[in-house]
Amino acid sequence: MTEDERRALVYGLIVTAGFVALDLAIGSKAAISGAYALGAIIAGVLGGFRAALIGAAVVIGLAIASGAWNTDFADAGYFARLFVAVCGSLLALGAGRLRDEVVNQLGRQELLTAVADLPVPGASLEQTVARVIDLLVPRYAGFAAVDAELSGEQVRLGLRGTEPIDPATAIVTPLRARGRTIGALTISRGRAGADTPEFLRVFAGRVALALDNAGLSQELVSVEQQLQAILENLAEAVTVQDRSGRLVFANRAAAELLGASSVEELLATPPTELIARFTTINEDGSPLDVRRLPGRMVLDGREAEPLVLRATDNRTGEQRWRMTKSTAVNGPGGEVLLAVNVIEDVTDTKWSEMAQGLLADASSVLASSLDYRKTLQQVAELVVPRLADWCVVTIPDGDVLEQVASAHVNPAMRDLTRDYATRWPSRVSEGAGGSGDVFRSGEPLLIPEVTAEVLEAAQADPEQREALERLGLFSILAVPMATPERVVGVLALVTSESRRRFTQADVELARELGRRAATAIENARLYTQLERVATTLQSSLLPPELPEVPGWRFHSLYMPAGGESEVGGDFYDVFPTAAGWMAVMGDVVGRGPAAASLTAMGRYTLRTAGSLVGTPTLGLARLNENLRERGEMALCTAAIVLLRDNGSPATLVCAGHPLPYLIRDGQVRAVGRTGPLLGAFEHGQWLSAALDLEPADVLVLYTDGVLDARGSDGRFGESRLEATLAGVTSADEAVERIRTALLEFAGGEQDDDTAVLAMQKL
């Protein structure tokens with residue numbers, strides 16, 4: 001049994017043991033012996049047929065024995081559960097058989113794939129035969145041998161394992177390549193289905209082709225002449241380096257790609273001079289280590305993966321992406337003689353990938369936060385060095401284009417670029433040129449190469465001209481950050497160290513990047529305005545400050561859901577009436593402008609009615625009528641406390657609202673009676689409750705946002721609120737405890753608003 005089978009069997013037995021333990025624990029009340037089969041199924045799925053077989057045997061035995069501890073051998077339920085266990089065990093065997101077949105198929109596919117990669121470049125016939133046999137023995141067969149006919153004689157090229165004594169137990173498959181039989185493959189009966197005739201025919205065909213390619217064929221052709229003709233007509237560039245790194249062969253495509261007028265010129269150019277013609281960096285923009293060049297690695301005897309590089313021609317500023325693959329040419333003793341390099345121009349593909357990746361990353365960053373200055377800085381850092389060596393983002397501040405983000409590929413240049421932007425900022429005014437013209441016109445500015453004439457035309461003073469020269473500008477691209485309605489800023493890109501020349505493709509990419517950045521800026525501004533409006537409106541729906549009430553101390557808390565951008569429906573108020581002071585806590589169903597109108601109606605209806613009549617129930621009845629007249633399922637809950645001036649008990653009325661808590665001597669209890677929801681019924685009856693409050697008593701009113709706050713283990717709930725308020729001695733302490741507990745339990749944002757109003761009798 002393999003390690004995987006043993007591990008799967010252990011897992012299955014653990015599961016079965018768990019069910020047995022559970023069965024023993026609950027006894028005959030709920031016998032679950034039929035579930036034992038789950039362990040066998042797990043063993044079959046993870047370990048195959050053999051693991052499933054052992055697991056099934058254990059399961060059936062335990063299922064039979066379960067009647068002993070469940071005391072139900074004669075019951076129909078016992079036989080039903082035994083039947084379930086047997087069926088589950090059969091299912092486990094089927095799953096194990098299916099798993100073994102899948103594993104076998106994968107193994108055969110891996111074997112075919114491994115043979116398809118043969119021969120390894122430079123490998124001899126003997127090495128290729130040895131590799132084939134190693135692939136077969138011992139994983140797929142106990143014995144394998146390869147025979148071939150060379151010079152009219154049958155020759156055994158290699159074998160491994162113990163040859164079967166009985167020839168009938170061996171399988172011989174002809175090796176045919178290119179329409180002829182070149183040998184035979186002999187194996188013993190194997191595992192993983194490697195001995196099936198269909199598989200052996202396919203496998204033998206690939207082995208034959210690999211051996212033929214490795215030198216088994218005795219046909220001789222003029223390979224060098226054919227290879228020369230092929231290489232010359234390839235679209236990909238092909239070069240061959242000797243051990244010193246010098247080129248000894250190149251085709252026409254290589255000469256064109258590497259900037260030579262002919263193959264002869266390319267071969268005559270020293271490697272150091274050839275490298276100096278280009279500024280080459282890795283695909284991700286990081287500096288290139290020449291020791292990682294595939295040709296150099298192959299010549300050093302190391303494996304070389306295909307490498308994609310970005311090369312900028314220092315003479316033209318043109319940037320191209322190149323993918324280089326290198327293969328070693330070995331001598332008779334296995335030593336590396338040459339490196340063959342195939343260089344493919346993948347500029348179009350990589351440019352598209354880079355552009356789409358940059359836009360996707362920028363969009364993700366821009367959508368991650370409403371702090372547009374922070375996100376624009378992240379975008380600038382994405383652009384450098386993918387698209388430019390230097391990126392500057394500016395937005396107008398009066399006549400000046402203020403720099404809000406900047407990134408430079410060279411850390412040593414960052415202070416210099418920042419100082420330049422501070423001393424000579426771009427301006428929006430007419431005739432300022434540069435980014436100012438881009439902002440006013442909404443059209444991009446492209447300077448493919450910053451020449452002396454370009455610097456002269458900038459009309460800079462000597463000090464600014466010197467600073468520009470120190471910046472080492474090579475190519476400049478500035479595009480507007482624009483929405484369909486207006487231009488909100490300018491995105492400027494510069495190349496310097498890379499010596500790359502911006503093209504029209506860069507213009508289109510930068511414009512799209514600018515459009516997305518502009519949209520993010522506008523969204524942030526609109527959100528800020530919306531937040532300001534919502535805050536102002538919410539403030540108007542709450543009392544500016546709680547009044548001073550003789551004999552009482554009040555303290556409140558309001559926490560909007562989801563930040564400050566949307567008006568909530570919670571409200572509270574404290575106001576004088578003819579009968580005393582009235583404290584109101586309400587909660588309107590919904591959020592946004594509709595909820596705000598209901599909040600205003602609820603607060604001012606209760607305030608007006610309460611001030612005039614001094615009776616909580618009449619105010620609730622009037623608010624219920626107003627809500628019913630809206631005809632749009634306008635609903636509201638409310639809790640009203642009337643604190644009488646004459647020393648009589650306070651009156652509490654609740655309309656669909658959570659009952660307040662009274663804290664006396666540190667003990668917490670809910671008080672009041674629950675009445676119908678406001679706006680739900682045409683005629684409602686709200687019963688009042690008398691509260692005989694004593695000095696130091698604290699009464700806490702709150703909305704359901706407190707109870708419904710969501711944390712990692714569910715709602716905040718009544719029990720947590722009661723525990724939070726236990727031992728409270730003042731209104732201030734009650735509110736602060738609730739605020740702290742909610743923040744610790746649910747974090748900074750919740751789905752519903754939260755309001756708390758605590759009052760303490762002095």
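Tabulated data
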read-out: Residue within the stretch 368-386 that is within 23 Å of GLY436 (Cβ to Cβ), touching a Lys or Arg at 6+ places or on another chain (Cβ under 6 Å) and not polar (S, T, N, Q) present; value: no
read-out: Hey, LEU387 touching a residue at least 24 places away in the same chain (Cβ under 8 Å) and either under 28 Å from ARG418 (Cα atoms) or of a type in the set (Ser, Thr, Tyr) (or both) or not; value: yes
read-out: Criterion violated by VAL298 - all others in (1) hydrophobic (A, V, I, L, M, F, W, C); (2) within 19 Å of SER244 (Cβ to Cβ); (3) touching a residue at least 24 places away in the same chain (Cβ under 8 Å); (4) surrounded by fewer than 19 Cβ atoms within 10 Å (Cβ to Cβ) satisfied; value: (4)
read-out: One residue from THR162, THR128 being farther than 19 Å from ALA177 by Cα and of a type in the set (Ser, Thr, Tyr); value: THR162
read-out: Of all residues in the stretch 627-656 being at pLDDT below 90 and among the polar types (S, T, N, Q), the one that is least open to solvent (accessible area, probe 1.4 Å); value: SER648
read-out: So VAL129, is it buried (at least 17 other Cβ atoms within 10 Å of the Cβ) and out of contact with any Leu (no Cβ under 7 Å at 6 or more places or on another chain); value: no
read-out: Selection count, the stretch 345-385, where residues are touching a Leu at 6+ places or on another chain (Cβ under 6 Å) and surrounded by fewer than 17 Cβ atoms within 10 Å (Cβ to Cβ); value: 1
read-out: Cross-chain or 6+ apart pairs with Cβ under 6 Å, the stretch 668-693 first and in contact (Cβ under 8 Å) with a residue 12 or more places away in the chain and acidic (Asp, Glu), then open to solvent by 40 Å² or more (accessible area, probe 1.4 Å) and in a loop (DSSP other than H, G, I, E, B); value: ASP692/PRO649
read-out: Checking MET1 against (1) open to solvent by 80 Å² or more (accessible area, probe 1.4 Å); (2) more than 28 Å from LEU98 (Cα to Cα); (3) in contact (Cβ under 8 Å) with a residue 24 or more places away in the chain; (4) outside any helix (DSSP H, G or I), the condition it does not meet; value: (2)
read-out: Test: residue in the stretch 605-626 that is open to solvent by 30 Å² or more (accessible area, probe 1.4 Å) and touching a residue at least 60 places away in the same chain (Cβ under 8 Å); value: yes
read-out: Test result for GLY285, at pLDDT below 85 and surrounded by fewer than 13 Cβ atoms within 10 Å (Cβ to Cβ); value: no
read-out: Flag for GLY285 being part of a loop (DSSP other than H, G, I, E, B), of a type in the set (Gly, Ala, Ser), touching a residue at least 24 places away in the same chain (Cβ under 8 Å) and farther than 19 Å from ARG500 by Cβ; value: no
read-out: Matching residues, the stretch 430-449, being out of contact with any strand residue (DSSP E or B) (no Cβ under 6 Å at 6 or more places or on another chain) and closer than 16 Å to TYR420 by Cβ; value: ALA432, GLY433, GLY434
read-out: Selected residue [at pLDDT 95 or above and of a type outside the set (Lys, Arg)] from ALA709, ALA746, ALA758; value: ALA758
read-out: Residues (surrounded by fewer than 16 Cβ atoms within 10 Å (Cβ to Cβ) and in a strand (DSSP E or B)) located in the stretch 386-399; value: ASP397
read-out: Selected residue [over 28 Å from SER475 (Cα atoms) and within 23 Å of the chain's Cα centre (by Cα)] from SER363, SER352, SER369, SER326; value: SER369
read-out: Flag if ALA600 is modelled with pLDDT under 90 and touching a strand residue (DSSP E or B) at 6+ places or on another chain (Cβ under 7 Å); value: no
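Quick grid of which residues meet (1) at pLDDT 90 or above; (2) assigned to a helix (DSSP H, G or I); (3) open to solvent by 50 Å² or more (accessible area, probe 1.4 Å):
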| site | (1), (2), (3) |
| --- | --- |
| LEU234 | no, no, yes |
| VAL240 | yes, no, no |
| VAL248 | no, no, yes |
| ILE275 | no, yes, yes |
| THR279 | no, no, no |
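For every residue, the table says whether it meets (1) of a type in the set (D, E, K, R); (2) within 29 Å of VAL438 (Cα to Cα); (3) in contact (Cβ under 8 Å) with a residue 40 or more places away in the chain.
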residue	(1), (2), (3)
THR327	no, no, yes
ASN341	no, no, yes
THR349	no, no, no
LEU358	no, yes, yes
LEU366	no, yes, yes
VAL392	no, yes, yes
GLY398	no, yes, no
VAL404	no, yes, yes
MET413	no, yes, yes
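The values are calculated or read from the model by the stated rules, or taken from the named source; none is laboratory data. The structure presented is a predicted model; accordingly, all values stated were derived computationally and were not measured. All Cβ positions, even for glycine, are placed from backbone atoms using ideal geometry, and neighbour counts span all protein chains on display. Just so you know, the surface numbers come from the protein's heavy atoms only, side chains and all, with ligands and any DNA or RNA stripped out. Shrake-Rupley method; radii C 1.70, N 1.55, O 1.52, S 1.80 Å.
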